Amino acid sequence: MSGDASQQLQRLLGAVVARLAHDLKNPLAVVLSNVRFLEEEVTPDSDAAEALAETEQSAELLRAMLDDAVDSLRIGAGTYRVESRPLDLGEIEPALAERLSGRLGSRKLRVEMPERTIDTDAKLVKRALCALLEHAVRQSPPGDEISVVGRIVTRDGSEVLEIEVIDGGQPFDPNRPPTFVVQDFSGRTPSPDHRSDRGLGLGFAGAALRAAGAEVDVTAREDGEEGARFLIALPLAGSVSSGDGA
């Protein structure tokens with residue numbers, strides 16, 4: 001299929017998915033509204049309250065996944081408009097904590113970011129990291145630590161924000177890069193002792209971060225433990241203020 005035909009198909013799929021997402025959001029909004037009403041009527045700390053909280057979290061996640069699906073297709077079709085605006089890196093930790101609220105279980109989340117405000121598509125970068133962390137939670141065993149560490153480094157005379165995400169799930173098959181690294185992969189399926197990558201999360205995260213100008217990669221953990229080490233390198237040519245760079 002030619003590049004023009006592929007983009008035309010992407011645009012068509014994007015339009016169809018956008019309409020579907022729009023129609024699904026209307027009943028989803030009703031579900032969320034009723035759940036929040038019922039949460040006020042039940043006894044706090046009861047089984048019913050816990051069930052309603054889980055329902056609300058799942059509905060919010062579904063709404064976010066619909067947005068990710070639509071924008072993933074828009075990015076692939078070249079119709080997504082990247083909007084650069086200041087991102088205080090201190091906003092990343094609360095954004096991740098909110099998205100993962102009630103989903104970590106006994107897992108621990110460690111987030112370390114430098115004091116810095118940069119110019120990027122702030123909303124897109126935070127959404128991509130949230131999708132990446134959702135994947136990490138699903139893959140990591142109970143009691144494991146998921147870490148997100150950012151640092152400012154210099155590459156070829158230019159500043160780059162490096163973000164390292166480490167989880168404790170199965171490793172990826174080194175012969176089959178996940179969609180975090182490649183937009184499409186039609187090769188063989190991974191062997192049973194390696195991680196599968198069939199969901200939306202990594203595909204959206206990779207596409208979104210590339211649209212924001214970042215390079216993405218994934219390797220084995222450097223400490224020899226089981227799991228994956230996701231690497232994000234975002235150029236900081238548009239940074240608007242800086243701290244000490246630590």
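Apart from one condition, residue 100 fits all of (1) crowded, with 17+ Cβ neighbours inside 10 Å; (2) modelled with pLDDT of 90 or more; the exception is (2). Just one of the numbered conditions (1) part of a helix (DSSP H, G or I); (2) in contact with a helix residue (DSSP H, G or I) (Cβ under 7 Å, 6 or more places away or on another chain) is not true of residue 98: (2). If you go through the range 38-57 and keep only what is within 15 Å of residue 102 (Cβ to Cβ) and either surrounded by 14 or more Cβ atoms within 10 Å (Cβ to Cβ) or of a type in the set (A, V, I, L, M) (or both), you end up with 39, 49, 51, 52, 53, 55, 56, 57. Put simply, of 165, 149 the only residue that is closer than 14 Å to residue 232 by Cα, buried (at least 20 other Cβ atoms within 10 Å of the Cβ) and either under 15 Å from the mean Cα position of the chain (by Cα) or in the same structural domain as residue 222 (by TED's automatic domain parsing) (or both) is 165. Scanning the range 34-70 for residues that are among the hydroxyl-bearing types (Ser, Thr, Tyr) and over 30 Å from residue 125 (Cβ atoms) yields 43, 46.
The values are calculated or read from the model by the stated rules, or taken from the named source; none is laboratory data. Computed from a prediction, not measured in an experiment: that's the story for all the values here. Note: ideal-geometry Cβ built from the backbone for every residue, glycine included; neighbour counts use all protein chains shown.
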